[in-house]
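The structure under discussion appears below in the form of structure tokens.
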Amino acid sequence: MSEQNLQQRNQRTLRKLIIWAVAMFGFAFAMVPFYDVICDITGLNGKTSTTASTEGPSQVVEDRTVTVEFITQRGEGVSGDFMSATRRVEVHPGEITLVNFFASNPKSSDIITQSIPSVSPGEAARYLHKTQCFCFDQQSLAAGERKEMPMIFYLDPELPRHINTLTLSYTIFDVTDRVAATNK
Amino acid sequence: MSTAAAHDDHHHHAPTGLKRWLFSTNHKDIGTLYLWFSFAMFLAGGLLAMVIRTELLEPGMQFVDPEFFNQMTTVHGLAMVFGAVMPGFVGLANWMIPLMIGAPDMALPRMNNWSFWILPFAFLILLSSVFMSAFGAGNPAAPNFGWTFYAPLSTEYGPASTDLFILSVHMMGISSIMGAINVIVTVFNLRAPGMTLMKMPLFVWTWLITAFLLIAVMPVLAGAVTMMLTDRHFGTSFFNAAGGGDPVLFQHVFWFFGHPEVYIMILPAFGIISAIIPTFARKPLFGYASMVYATASIALLSFVVWAHHMFTVGMPLAGTLFFMYMTMLISVPTGVKVFNWVATMWRGSMTFELPMKWAIAFVILFTCGGLSGLMLAITPVDFQYHDTYFVVAHFHYVLVSGAVFSMFAAAYYWLPKWSGVMPNKLLGELHFWSSLISVNLLFFPMHFVGLAGMPRRYADYALQFADYNFWISIGGFWFGLSQLLFLAVCVLCAMKKGEKAPARSWEGAEGLEWEVPSPAPFHTYDTPPVVK
């Protein structure tokens, strides 16, 4: 094997390997949408749909009662109150229920908030349908305002039998700076 | 980039002094640089571990504040994984792979120089934040989120020095990828005539597979830290729930890198042990082909087990079952390897020179670490063990008495070839026995405190763990000090003080590296040897 030949072969192998490394760098970013799709399909991490459910429940399963609990948390930088009117409700699958949430802004400036829902067990996320939710949009709170934010939901009649309790958690974040940055 | 063949001009003027090392394109010089660097990082990371063990000697807060303690655990992990273990194996690859396959040098010598010289700067950047922290600049000055740098600890809550950390991880990544590319190109294109793939020494095989793992996952790590960087400064929300991202995604991306990384740190060790045991058992390696296939299967399986690090994040049952079974499956090829090593020793004419002592200690202690890994793989059990000292015990058994012991074995085995003198027997024996006893005193009780519920990464603990922690700390100091004996062994060899080593430094040693004189001349195998 001549020297020229070897040099060419080395270059060829080198090129292939560099392409592979760059492709794997891209793969890391491809994992982001891929992860979202997986979460959508499986309800992994308890992500609920970010849009309102348009069709109502097909039926109400009267002989079954499921407990739905509500948890509220404040993300970093949020100083106001954030709570639900009730800590838990007993519902029949298919029954449409309204729960009110409250948020307040004690600051002297207006803020924009975004609430992020999460369901536990994650498996139940697919069976929780919301026809209206404050989490679908960003909510603005004027200085000193206390706001009532309704959320209307029903559980899918198909909810697996072994799920008797599910917890819906909301974390509220202050996204004022983030919105300001994107509107610039 | 010039190739090795174009470079082996014997009459060129070899630079001396500092220039020899700065501009070196010689695989032996670069290998030496890597090995010294790795040892320096081992001592630096060890120093940080001493701070951890000093604080944990007694319950309550004594010496450092919790913030500084967190920085110690973080930088200790990073320095050991990226500074000590990985460059150590790259150093061994640089020195040994060309010698073992009869090549004159690595295929891409200039890139080789570059991939080493990036490293000291990467660690200068990372460790500078520790110095800033120790001398009171910024609070906290050094990364404090654990070596796994989970978001949002490293994004929203990360200290300003997180950006230094990101830059340094990028540099380490580039260095590792270049090192891996070099290994693959060398092994594919520079083997001596007759050296078919299935005739290669197992160290070359395991490194070839490791190199493929490196190219597959180091870019993913680079992707993860890039996402962190843009989350921190450029308004993206990959890992930020407020903007529609998901912090759990970080864990998936990180462990997709992190689990193959675990095998990157152990596969070359398997290769070393597979070289040493046949030498001192005076029998060929039992089941060569099965060793190669076992290594390849471990590498492939490593891509489908990552979520066993995150059973407790709340995965669907089917997901946890999948990752649990896949993880347990890995113990099959690993078991094949341990079986083969034992079968190689079976009825061999064994002698127990220093490399063999380390190798046998490796086989036993690594298997202990593997067994606790199997326990951790069981999902319901993992819920109990997650983030306790049991996990700390597990990965230190496979990394310290596994990877690090294998590197000691390799050093004692090949030091005669590198330096031309046999390593000092008395110091070596002291180093071995002292390390062997102290490493078990250090890590074995961690199993107990872990099972009893002591969480990792805390600067304090409940009173009932006090006795065990006292002895763990004593083991820690003892193990740390023992490594100074190894420093003495290396310095003596570097100064050529000791019994002169013959070309075949160990009676039963086989392989091309023992055909060249000891110390190996600056240029070897200019004309390739013929392998029958």
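The values are calculated or read from the model by the stated rules, or taken from the named source; none is laboratory data. All of these numbers come straight from a predicted model, not from anything done at the bench. Please note: Cβ atoms are built from the backbone with ideal geometry, for glycine as well, and neighbour counts cover all protein chains shown.
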Out of all the residues in region B:217-234, is one or more surrounded by fewer than 24 Cβ atoms within 10 Å (Cβ to Cβ), touching a strand residue (DSSP E or B) at 6+ places or on another chain (Cβ under 7 Å) and assigned to a helix (DSSP H, G or I)? no
In region B:510-532, residue surrounded by the most Cβ atoms within 10 Å (Cβ to Cβ) [restricted to those that are more than 25 Å from B:TRP21 (Cα to Cα) and of a type in the set (A, V, I, L, M)]: B:LEU512
B:GLY258 vs. criteria farther than 30 Å from B:GLY348 by Cβ and either among the aliphatic types (A, V, I, L, M) or assigned by TED's automatic domain parsing to the domain that holds B:ALA211 (or both): no
Taking B:PHE362, is it over 18 Å from the mean Cα position of the chain (by Cα), farther than 30 Å from B:PHE522 by Cβ and in a helix (DSSP H, G or I)? no
Within region B:336-358, count every residue that is crowded, with 21+ Cβ neighbours inside 10 Å and among the aromatic types (Phe, Trp, Tyr). 2
List, please: which pairs have Cβ atoms under 9 Å, are six or more places apart or on different chains, and start with a residue in region A:20-45 that is under 17 Å from B:TRP255 (Cα atoms) and at the interface with another protein chain (Cβ under 7 Å from one of its Cβ atoms) and end with one that is of a type in the set (Phe, Trp, Tyr) and not in a helix (DSSP H, G or I)? A:PHE29/B:PHE238; A:VAL32/B:PHE238
Does A:ARG9 qualify as being more than 9 Å from every other protein chain (Cβ to nearest Cβ), over 30 Å from A:ILE116 (Cβ atoms) and among the basic types (Lys, Arg)? no
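Here's the yes/no breakdown for (1) closer than 14 Å to B:ILE472 by Cα; (2) in contact with a helix residue (DSSP H, G or I) (Cβ under 8 Å, 6 or more places away or on another chain):
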position: B:PHE362; (1), (2): no, yes
position: B:PHE366; (1), (2): no, yes
position: B:ALA393; (1), (2): yes, yes
position: B:VAL400; (1), (2): no, yes
position: B:ALA462; (1), (2): no, no
Any idea which of (1) part of a strand (DSSP E or B); (2) touching a Pro at 6+ places or on another chain (Cβ under 6 Å) is the one A:PRO157 doesn't satisfy? (1)
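Each row is one residue, and each column tells you yes or no for (1) within 12 Å of another protein chain (Cβ to nearest Cβ); (2) within 30 Å of B:GLY136 (Cα to Cα); (3) in a helix (DSSP H, G or I); (4) touching a Ser or Thr at 6+ places or on another chain (Cβ under 6 Å).
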site	(1), (2), (3), (4)
B:PHE165	no, yes, yes, no
B:HIS170	yes, yes, yes, no
B:MET195	no, no, no, no
B:LEU213	yes, no, yes, no
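Listed here are the residues, each with its yes/no results for (1) at pLDDT 95 or above; (2) surrounded by 20 or more Cβ atoms within 10 Å (Cβ to Cβ); (3) part of a helix (DSSP H, G or I); (4) of a type in the set (Phe, Trp, Tyr).
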site	(1), (2), (3), (4)
B:GLY245	no, yes, no, no
B:PHE257	yes, yes, yes, yes
B:THR320	no, yes, yes, no
B:MET326	yes, no, yes, no
Among the listed residues A:THR48, A:THR67, A:THR72, which satisfies the condition of being touching a residue at least 24 places away in the same chain (Cβ under 8 Å), touching a strand residue (DSSP E or B) at 6+ places or on another chain (Cβ under 7 Å) and not in a strand (DSSP E or B)? A:THR48
Within region B:152-163, is there a residue that is assigned to a helix (DSSP H, G or I) and either more than 9 Å from chain A (Cβ to nearest Cβ) or at pLDDT 95 or above (or both)? yes
Is there a residue being under 19 Å from B:ASN240 (Cβ atoms), surrounded by 16 or more Cβ atoms within 10 Å (Cβ to Cβ) and in contact with a Ser or Thr (Cβ under 7 Å, 6 or more places away or on another chain) anywhere in region A:81-88? yes
Test: residue in region B:52-68 that is touching a residue at least 60 places away in the same chain (Cβ under 8 Å), more than 18 Å from B:MET171 (Cβ to Cβ) and among the basic types (Lys, Arg): yes
List pairs: first in region B:369-391 and among the small types (Gly, Ala, Ser) and modelled with pLDDT of 95 or more, second surrounded by fewer than 19 Cβ atoms within 10 Å (Cβ to Cβ) and outside any helix (DSSP H, G or I), Cβ under 8 Å, 6+ apart or cross-chain? none
Restricting to region B:459-501, count the residues that are touching a residue at least 60 places away in the same chain (Cβ under 8 Å) and assigned to a loop (DSSP other than H, G, I, E, B). 9
Answer yes or no: is there a residue in region A:18-40 that is in contact with an Asp or Glu (Cβ under 8 Å, 6 or more places away or on another chain) and assigned to a loop (DSSP other than H, G, I, E, B). no
Filtering region B:120-166 down to residues that are within 23 Å of B:TYR34 (Cα to Cα) and within 21 Å of the chain's Cα centre (by Cα) yields B:PRO120, B:PHE121, B:ALA122, B:PHE123, B:LEU124, B:ILE125, B:LEU126, B:LEU127, B:TRP147, B:PHE165, B:ILE166
Need the failing condition index for A:VAL60 against (1) among the aliphatic types (A, V, I, L, M); (2) surrounded by fewer than 17 Cβ atoms within 10 Å (Cβ to Cβ); (3) outside the structural domain of A:ALA142 (by TED's automatic domain parsing); (4) touching a Gly at 6+ places or on another chain (Cβ under 9 Å), just the number. (3)
Under 9 Å by Cβ, and 6 or more places apart or on different chains, what pairs join a residue from region B:419-447 that is more than 26 Å from B:TRP95 (Cα to Cα) with one that is of a type in the set (A, V, I, L, M, F, W, C) and not in a helix (DSSP H, G or I)? B:MET446/B:MET454
When the residues of region B:191-208 are filtered to those that are surrounded by 22 or more Cβ atoms within 10 Å (Cβ to Cβ) and among the β-branched types (Val, Ile, Thr), which remaining residue is nearest to B:LEU99 (Cα to Cα)? B:VAL204
Got a sec? Which of B:LEU442, B:LEU463 is touching a Gly at 6+ places or on another chain (Cβ under 6 Å) and either in the same structural domain as B:ARG53 (by TED's automatic domain parsing) or closer than 24 Å to B:MET61 by Cβ (or both)? B:LEU442
Given the criteria within 8 Å of chain A (Cβ to nearest Cβ), within 30 Å of B:THR344 (Cα to Cα) and surrounded by fewer than 24 Cβ atoms within 10 Å (Cβ to Cβ), does B:PHE188 qualify? yes
Looking at B:MET111, B:MET106, which is the one that is touching a Pro at 6+ places or on another chain (Cβ under 7 Å), within 14 Å of chain A (Cβ to nearest Cβ), closer than 23 Å to B:TRP207 by Cβ and in contact (Cβ under 8 Å) with a residue 60 or more places away in the chain? B:MET106
Just wondering, is there one or more residues in region B:503-516 that are free of Cβ contacts under 8 Å to residues at least 24 places away in the same chain, part of a helix (DSSP H, G or I) and not small (Gly, Ala, Ser)? no
